[in-house]
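Colleague: Pasting in a structure now, in structure tokens, and then I'll have a few things to ask.
Just so you know, all these numbers are worked out from the coordinates, no wet-lab data involved. Everything numeric in this text was worked out from a predicted model, so none of it was measured. Here the Cβ positions follow ideal geometry from the backbone for every residue, glycine too, while neighbour counts run over all protein chains shown.
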Amino acid sequence: MKALLLDATQRTGVVKSLPCPVPAPNELLIQVKAIALNPVDALYAAEPLGKTGRVLGSDFSGIVVSLGSSVPESSHLVAGSRVAGFLQGASSIDDHPGAFAEFLVCPWDLVWRIGDLPFELAATVSLCALTAAQALFLRFRLPAPFTWCNSDVPDTKDEPRTQDHGPISIFINGASTSVALFASQLAQHTPCPVRLFGSASRKHFSMLSSAPYNYAHLVDYRSPGWPQQVLALTENRGINLAYDCISEGDTVLKTSMTLKKMVGVHGDRTAKLAVVRSREGGAWSTPMKELGVEPSYGAVWEGLGEEVIYAGMTLAPNAVSRAFTAAFYAWLSEGKELVPNPVRIMPGGLANVAEDGFVLLGSGGMNDRQAPAKDQEYMRPVSGEKLVYIIQ
């Protein structure tokens, strides 16, 4: 089979032939039909953590070819099932293979059945939607529309509280990013009433204020005073839950400025902040004393339930996060469809991922080469959409 492998010396990806993988008893062998690019795919090719020869890539969709001997009948998976999921790829120093290949293996309970959803759309969902779900339901502790182990024993003192029993206000910085597009949808699946506030480019306001995103209020992220604008929209009460889907430079500080500042009767903050990139990773550095609250961060890779070593951090195997992933994907399999990100179909399959896709994602590396001078429409700057490659 063909696969896109990391060349750690040249800081890029190269297509080579590998033996087709063999599924373990709890795994599926999947023929990959489409892949979607995420910034981490380009970042860890340009700034390698893994060794040369690792299969790159995270998000995929495809067709089940065969099932391991331990896959239960209750999974409703058979040869020919249409599924999607994600793998870790070369975004760590571990040896886990990624998704950018003609065939891959994946644990049976870490995929979801996509039904009639086109492969190119399904490929955009798994990693970013799970990232959003982890923030909303694991870290913010909003009630989820599905259950998983231990979820029936919530820490009630840590649940979000509202102002005067009204809707929970949620502010999402970078509302048109891939994670944010799913976060706004998932927030509306919680049984709690919510009101969405967001920041984005004005060109996306019409889309974001309409279904399925349904933002009540939007501010232009280019406006220097946008945190004050958000506060004004809340009548200076502040936001209950703020999710910074950019998390670099001063965005975490600015997002924290939108939060409700009051303290509950038991000394607990009534507002929370979550980020998509960690302080330890170097994307931002604002100390807690300036933010007023310590941001919550969790790597999406925790959802795979394996030890992950990356960006100076070691994530221990997390059974709760893995159970959460399985429950979330089972919920998606039931037809609780989220609207996928807008897509841009890129030409050339695996052969063009590094040359075109990684360059467009602006990973800041690629051996310091300049982006190729291409006039094709598919090489326009990326904004509010996912790059997708058809594999076979």
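Colleague: In nm, to one decimal, how far is the Lys16 label point from the Lys203 one, both placed 7 Å along Cα→Cβ?
Modeller: Placing both labels 7 Å along Cα→Cβ, they lie 3.9 nm apart.
Colleague: Where the centroid of each part is defined by its Cα atoms, how far is segment 74-95 from segment 174-208 in Å?
Modeller: Using only Cα atoms to place each centre, the spacing works out to 27 Å.
Colleague: Using amide H atoms built 1.01 Å from N in the peptide plane, name the residues 5+ places from Lys33, or on other chains, whose amide H lies under 5 Å from its own.
Modeller: Result for Lys33 returns Ser61, Gly62, Ile63.
Colleague: What pairs in Lys203/Lys336; Lys254/Lys289; Lys203/Lys272; Lys261/Lys289; Lys203/Lys260 have C-alpha atoms more than 18 Å from each other?
Modeller: Over 18 Å Cα-Cα: Lys203/Lys336; Lys203/Lys272; Lys203/Lys260.
Colleague: Let me ask you something else. In Å, what is the Rg of the alpha-carbon atoms in segment 128-304, and how long is Dmax?
Modeller: Cα only, segment 128-304: 15.1, 44 Å (Rg, Dmax).
Colleague: Can you give the calculated 222 nm mean residue ellipticity of the chain, where each DSSP H run of n ≥ 4 adds -39,500 (n - 2.57) and the sum is split over every residue, rounded to the nearest 500 deg cm²/dmol?
Modeller: So the helix-based figure for the chain works out to -4500 deg cm²/dmol.
Colleague: Based on the inverse mean of 1/r over its pairs of different Cα atoms, what is the Kirkwood hydrodynamic radius of the chain, in Å?
Modeller: 21.5 Å
Colleague: For segment 334-349, what does the Karplus curve 6.51 cos²θ - 1.76 cosθ + 1.60, with θ = phi - 60°, yield as ³J(HN,Hα) per residue in whole Hz, taken in order and with x for Gly and Pro?
Modeller: 6, x, 6, 6, 9, 6, x, 4, x, 10, 10, 6, 9, x, x, x
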